[in-house]
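Asks: Just dropping this structure here.
The values are calculated or read from the model by the stated rules, or taken from the named source; none is laboratory data. None of these values were measured; they are calculated from a predicted model. Keep in mind that these areas ignore ligands, DNA and RNA; they rest on the heavy atoms of the full protein, side chains included. Shrake-Rupley method; radii C 1.70, N 1.55, O 1.52, S 1.80 Å.
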Amino acid sequence: MLNRATTLLVIVPALWISGCERAKVNLRSLVGDGSLAAVMSHPSETIRVSLVDLGGDQTRNLDLVLGPDRTLAVTRYRLEWTDNETGRPKPIVEAEEKLRLYSYQSDEFRRRLSVFRPESLSQDGPFVLPRECNFISDGSSKAVVAFSDAQNRVGLFILQAGCNNANAGQLEAELRDVVGRLPHTRTAEPFIW
């Protein structure tokens with residue numbers, strides 16, 4: 001009869017070699033109602049990823065905008081709430097820079113962010129949320145991924161601070177990974193997300 005140590009030495013490597021690992025999740029199934037058709041972001045679309053600083057100062061934001069020409073505009077700004085007629089915050093730019101991505105970087109960024117794209121774009125701006133999250137009308141967002149085209153049609157993915165389920169967590173981790181693989185910029189460096 002095998003002792004426990006011998007059993008572990010035989011079984012653990014066997015499981016590892018046989019590929020016994022956690023199955024990869026189809027991230028698209030975690031968006032909307034889980035049945036959205038896969039839609040690639042078209043190279044002519046502009047993609048904007050807007051992130052809110054989670055380091056405590058939720059008035060600081062970072063925008064990453066990829067244009068059709070592969071230019072990535074990175075803008076770090078804070079929102080100044082002023083008493084004006086509109087009641088909207090005024091963005092105060094702290095730093096900005098532009099860089100041109102290589103084709104493979106731009107293609108990878110678009111491909112991975114397509115997970116978050118609504119099935120269609122329209123002037124009404126349809127949006128999707130992580131599966132099993134409800135829109136919180138007075139809630140703040142951790143991140144927004146916006147897709148727009150030359151006809152001013154838009155579609156959004158919204159990750160709200162009030163949605164903390166497993167689906168939102170996996171999508172947030174994917175978004176962090178996508179953003180983290182972009183080339184280093186001084187503008188994004190001090191930003192906590």
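Asks: Please list 3J(HN,Hα) in residue order for segment 99-109, calculated via the Karplus relation 6.51 cos²θ - 1.76 cosθ + 1.60 where θ = phi - 60°; whole Hz, with x for glycine and proline.
Replies: Values, residue by residue: 9, 9, 7, 5, 4, 5, 5, 4, 4, 5, 4 Hz.
Asks: Quick one: ranking 104, 77 by accessible area, 1.4 Å probe, largest first, what do you get?
Replies: Final ranking, largest accessible area leading: 104, 77.
Asks: Carbon and sulfur together cover what percent of the accessible area of segment 61-193 at a 1.4 Å probe radius? Could you put the intermediate results ahead of the total?
Replies: Values: 3500 of 7410 Å².
With neighbouring chains kept in place, the figure for segment 61-193 is 47 percent.
Asks: List the residues, sorted by chain then number, that are 5 or more residues from residue 131 or on another chain and whose placed amide H is less than 5 Å from its amide H.
Replies: 31, 32
Asks: Using Cα pairs closer than 8 Å and at least 6 residues apart in sequence, work out the relative contact order for segment 44-193, in percent. Spell out each step's value before the answer.
Replies: On the way: 280 pairs, mean separation 38.1, N = 150.
Taking the mean separation of contacting Cα pairs over the length of segment 44-193, I get 25 percent.
Asks: What figure, in Å² to the nearest 10, do you get for the accessible area of residue 127 with a 1.4 Å probe and non-protein molecules left out?
Replies: Solvent-accessible area, nearest 10 Å²: 90 Å².
Asks: Could you do me a favour and compute the accessible area per residue for segment 62-105, 1.4 Å probe, result in Å²?
Replies: Values: 2970 Å² over 44 residues.
In whole numbers, segment 62-105 has 67 Å² accessible per residue.
Asks: Please compute the Cα-Cα pair-distance distribution of segment 58-193 with 5 Å bins starting at 0, giving whole percents from short to long.
Replies: Bin by bin from 0 Å, the calculated values are 2, 9, 16, 20, 22, 19, 9, 2, 0, 0.
Asks: While we're looking at this one, here's another question. Using a 1.4 angstrom probe on the protein heavy atoms only, could you order 181, 110 from most to least accessible area? Can you show the working numbers first?
Replies: Values: 181 165, 110 10 Å².
The residues order as 181, 110, largest area first.
Asks: Going by accessible area, probe 1.4 Å, with all protein chains left in place, what is the ranking of 33, 124, 177, largest first?
Replies: Numbers: 33 110, 124 145, 177 55 Å².
The ranking, largest first, comes out as 124, 33, 177.
Asks: Okay, next question. Name the long-range amide H neighbours of residue 95: under 5 Å, sequence gap of 5 or more, or other chain; modelled H, no Pro or chain starts.
Replies: Amide H neighbours of residue 95, under 5 Å, 5+ apart: 76.
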